[in-house]
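The values are calculated or read from the model by the stated rules, or taken from the named source; none is laboratory data. As the structure is a prediction and not an experimental result, all values here were calculated from the model. Note: ideal-geometry Cβ built from the backbone for every residue, glycine included; neighbour counts use all protein chains shown.
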Amino acid sequence: MFLPCPFCGEDPHYSVYQSESLWSHNIVDWHEIQCYGCDISMHQCEDLDELEQRWNHRSNQQNAADGQPSDDEESSASRPAADFGR
């Protein structure tokens, strides 16, 4: 199951097509997920599960159990801001 688009929130569209593999030159299934709202897409050769994981990944996901920021978000929030020579 694919989450809504991370940029505009629209439901993505999934398709599969066959084409030549760039590595083996065999004909393989290519999986594609695309948002028609903001025209972004991802392609993955043969591995639908990997495409789903990549599309559904959000850098600021919250822990489902407690609603707290994930470790990635928490660690970036606790870092000091850059001084930029002031």
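Brief remarks follow.
- Residue identified as at pLDDT 90 or above, out of contact with any Leu (no Cβ under 7 Å at 6 or more places or on another chain) and among the small types (G, A, S) among G9, G67, G85: G9
- Residue list for segment 16-44, filter: farther than 23 Å from P4 by Cβ and of a type outside the set (S, T, Y): Q18, E20, L22, W23, H25, N26, I27, V28, D29
- Those residues of segment 34-62 which are outside any helix (DSSP H, G or I) and among the hydrophobic types (A, V, I, L, M, F, W, C), in sequence order: C35, C38, I40, M42, C45
- Within segment 29-50, considering residues that are over 11 Å from S15 (Cβ atoms) and aliphatic (A, V, I, L, M), the one farthest from the chain's Cα centre (by Cα): L48
- Pairing each residue of segment 20-31 that is free of Cβ contacts under 8 Å to residues at least 24 places away in the same chain with any residue that is in a strand (DSSP E or B) and among the aliphatic types (A, V, I, L, M), provided the two are 6+ apart or on different chains, yields C-beta distances under 9 Å for E20/I27; E20/V28; D29/V16; W30/V16; H31/V16; H31/M42.
- Here N26, N60 are screened, and the one residue that is touching a helix residue (DSSP H, G or I) at 6+ places or on another chain (Cβ under 8 Å) and either modelled with pLDDT under 95 or loosely packed, with under 12 Cβ neighbours inside 10 Å (or both) is N60.
- Test result for H25, in contact with a Leu (Cβ under 9 Å, 6 or more places away or on another chain) and more than 25 Å from N60 (Cβ to Cβ): no
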